[in-house]
Amino acid sequence: LTFTLGYEHNNLTASILDTLKEKNVKGIFIINMHYARSCPDLVRRMIDEGHIVGNHSANHYDLSTLSTDRVVSEIMNLHNYVLEHFGYEMKLFRPPTGAFSTRSLAVVQNLGYKNVHWSFAYGDYTPEKQPDVAESLNLVTSSAHSGAIYLLHAISTTNASLLGDAIDSFRQQG
């Protein structure tokens, strides 16, 4: 389970963290600079509770359109900020909007990061247009497969609502 965060909405990340803790599940939280600066208590909680925190770049630009130097800057500015303020070294990178080029993938790899994409995503990213919880739970759980990487947005009330039931379903499915 990976959760992409650019900003906080209705304290949903705390709810997601509570559910993960209750279910004894670790997640991957992909953050940008705005999130790191504006939600330090949540970032600290992610780290302290044993979740992985990944890099989503400083400014959420399409890295495939930037110069190599700018790609390095986007990644390393956030990397260094998190290392300095949280004592945590990120190792996973998710390109903003999933956009990449062969060059940007190589830059990420050369910086010692592993690119993390996804095998499942759905329209959960607009707080004002949330999908139906029951329909989404069915979609999420019916898409489970070995090695699945879920991209869930932590600003989604739907995701916060269905998470516990989804985890239970994944466990039942093996």
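Here are the numbers:
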read-out: Euclidean distance of C-alpha centroids, the range 92-130 and the range 49-80, integer Å; value: 10
read-out: Cα-centred dipole magnitude for the chain, charges only on beta-carbon of K, R (+1) and D, E (-1), debye, nearest 20; value: 460
read-out: At least 18 Å along the helix axis (C-alpha) and Kyte average at least -1.0, DSSP helices within the chain; value: 68-86, 157-173
read-out: By average C-beta atoms within 10 angstrom, highest first, the peptides 2-10, 166-174; value: 2-10, 166-174
read-out: Interchain or long-range residues, amide H under 5 Å from L152's placed H; value: T2, F3, T4
read-out: Among 89-96, 129-136, the order from most to least packed when residues are scored by Cβ within 10 Å on average; value: 89-96, 129-136
read-out: Surface/4 estimate of mean projected area, convex hull on alpha-carbon atoms of the chain, nm²; value: 9.6
read-out: Relative contact order %, the range 73-148, counting alpha carbon pairs below 8 Å whose residues are six or more apart; value: 22
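Any read-out appearing in this document is the output of simple, stated calculations on the displayed coordinates, not a laboratory observation. From a predicted model like this one, the values you see are computed outputs, not experimental measurements. When we count neighbours, we look across all protein chains shown, and the Cβ atoms used for this are built from the backbone with ideal geometry, even at glycine.
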